[in-house]
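Notes follow the structure.
The values are calculated or read from the model by the stated rules, or taken from the named source; none is laboratory data. These figures come from a predicted structure and were not determined experimentally. When we count neighbours, we look across all protein chains shown, and the Cβ atoms used for this are built from the backbone with ideal geometry, even at glycine.
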Amino acid sequence: MSAPAVSRLTRLFLDAGRPLLMPYAVGGYPDPGSCLEILRIYREGGADLIEIGIPFSDPLADGPVIQGASQAALRRGVRPVDVLDVAATAAGEGARVVLLSYLNTILAFGPERFFERCGEGGVLGVVVPDLPVEEAAGLQTAARARNVDVILLAAPTSTDARLARIAAAASGFIYCVSTTGVTGARASLRADLPEFVARIRRHTDLPLAVGFGVSTPEQAEEVTGFADGVIIGSALVDVVARNERLEEALAEIGRILYRVRRMPSLSK
């Protein structure tokens, strides 16, 4: 029996020769046009992948910064179709894009229709933070038919048996949650984070990317010592929330990404 084909998303990690940088943005925040400008700065700043979150009214995995941005986007009328359009535009401009969507959004949109739009728009994968591995098969079938990966998450509290089950079902990469709780910048990372990633590594050859709480260049460098990718979210979304003028936010984001990109593991 031949080995399963390597997905486009997995191939990005394999071909890079170094860990990948994946900044996160709330789709359509502060508005769709400004969001596209932010995504362009991400690309110019050296993003290998860009994660775009679809705003949701009850984002269980997100802390106050991303929750606030999502609520602001929803109040402005941003809907999933708007974020799919933003993602397609970014991908058309050369960005490698993954989405983050809560399960209710996909079910309300219709899984077949949702992943059809993802595939047509060049989206490589979709992170679904509230999708348990036991319920993933249906979505994965719909996504894989459109050459899109459904990205599963693994948490530090997971048993080895559960990590093995997640690894067996996963594709694209595995999103390793760096801490218990919700997203948000933290002063330091868990001391046992390397061992957590090593536990997952024993069950899979897929790339492992770490997110939730990574907020400084030094933390990003620490993570890339033992992971294949690093996701920076709340720290960048907070820049947009703090700056009234988009130009100031873009400049600050550019400076942050420049510092991250100068870290040895990410500058190869």
Requested in this report: For A168, state whether it is touching a helix residue (DSSP H, G or I) at 6+ places or on another chain (Cβ under 8 Å) and either over 22 Å from D15 (Cβ atoms) or in contact (Cβ under 8 Å) with a residue 12 or more places away in the chain (or both).
Outcome: no
Query raised in the report: In segment 235-262, what count of residues is obtained for those that are surrounded by fewer than 20 Cβ atoms within 10 Å (Cβ to Cβ) and touching a Pro at 6+ places or on another chain (Cβ under 7 Å)?
Result: 1
Report task. Those residues that are without any contact (Cβ under 8 Å) to a residue 40 or more places away in the chain and outside any loop (DSSP other than H, G, I, E, B), I need them from segment 204-231; list them, please. Result -> L208, V210, Q219, E222
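If I go through segment 97-115 residue by residue, how many of them are within 17 Å of R8 (Cα to Cα) and either among the acidic types (D, E) or in a helix (DSSP H, G or I) (or both)?
Applying the first criterion (within 17 Å of R8 (Cα to Cα)) to segment 97-115 yields 97-99, 115.
Retained after the next criterion (residues that are either among the acidic types (D, E) or in a helix (DSSP H, G or I) (or both)): 115.
Total meeting the criteria: 1.
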Requested in this report: Could you give me the residue pairs with C-beta distances under 9 Å whose first residue belongs to segment 232-249 and is of a type in the set (S, T, N, Q), whose second residue is modelled with pLDDT of 95 or more wherever it lies, and which are 6+ apart or on separate chains?
Outcome: S234/Y24; N243/A249; N243/L250; N243/A251; N243/E252
Query raised in the report: Which of the following residues is within 30 Å of P264 (Cβ to Cβ) and not in a strand (DSSP E or B): G94, G77?
Result: G94
**Report entry** Condition broken by R259, with the remaining ones in (1) in contact (Cβ under 8 Å) with a residue 40 or more places away in the chain; (2) within 18 Å of the chain's Cα centre (by Cα); (3) part of a helix (DSSP H, G or I) satisfied
**Finding:** (2)
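For residues that are modelled with pLDDT under 90 and under 17 Å from the mean Cα position of the chain (by Cα), tally how many sit in segment 182-210. Give the steps one after another, and end with the answer.
Taking segment 182-210 as the starting set, the residues that turn out to be modelled with pLDDT under 90 are 182-192.
Then drop every residue that is not under 17 Å from the mean Cα position of the chain (by Cα), which leaves 182-185.
Result for segment 182-210: 4.
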Query raised in the report: For segment 151-181, which residues satisfy the criterion of being of a type in the set (S, T, Y), surrounded by 15 or more Cβ atoms within 10 Å (Cβ to Cβ) and modelled with pLDDT under 95?
Result: S158, S178, T179
Query raised in the report: Filtering segment 135-150 down to residues that are among the hydrophobic types (A, V, I, L, M, F, W, C) and surrounded by fewer than 17 Cβ atoms within 10 Å (Cβ to Cβ), which residue is nearest to G121 (Cα to Cα)?
Result: A145
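Pick from S215, S265: which is surrounded by 19 or more Cβ atoms within 10 Å (Cβ to Cβ) and of a type in the set (S, T, N, Q)? Talk me through it step by step, then tell me what you get.
Working: S265 fails: surrounded by 19 or more Cβ atoms within 10 Å (Cβ to Cβ).
So the residue among S215, S265 that is surrounded by 19 or more Cβ atoms within 10 Å (Cβ to Cβ) and of a type in the set (S, T, N, Q) is S215.
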Query - Residue list for segment 232-256, filter: touching a strand residue (DSSP E or B) at 6+ places or on another chain (Cβ under 7 Å) and not in a strand (DSSP E or B) - result: G233, L236, V237
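Kindly evaluate S7 against the criterion of being in contact with a strand residue (DSSP E or B) (Cβ under 8 Å, 6 or more places away or on another chain) and small (G, A, S). Can you show your working first?
Numbers: in contact with a strand residue (DSSP E or B) (Cβ under 8 Å, 6 or more places away or on another chain): yes; small (G, A, S): yes.
Judged against the criteria, S7 is a match.
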Requested in this report: Give the residue that is nearest to the chain's Cα centre (by Cα), with candidates limited to residues of segment 117-142 that are over 18 Å from A164 (Cα atoms) and among the hydrophobic types (A, V, I, L, M, F, W, C).
Outcome: V127
Requested in this report: Please enumerate the residues belonging to segment 223-268 that are under 26 Å from A191 (Cβ atoms), modelled with pLDDT of 95 or more and touching a Ser or Thr at 6+ places or on another chain (Cβ under 6 Å).
Outcome: V230
Query raised in the report: If you scan segment 1-40, which residues turn out to be outside any loop (DSSP other than H, G, I, E, B) and without any contact (Cβ under 8 Å) to a residue 12 or more places away in the chain?
Result: R11, D15, G33
Query raised in the report: When L107 is evaluated against the numbered criteria (1) under 18 Å from the mean Cα position of the chain (by Cα); (2) over 25 Å from L36 (Cβ atoms); (3) free of Cβ contacts under 8 Å to residues at least 60 places away in the same chain, which criterion, by number, is the only one it fails?
Result: (1)
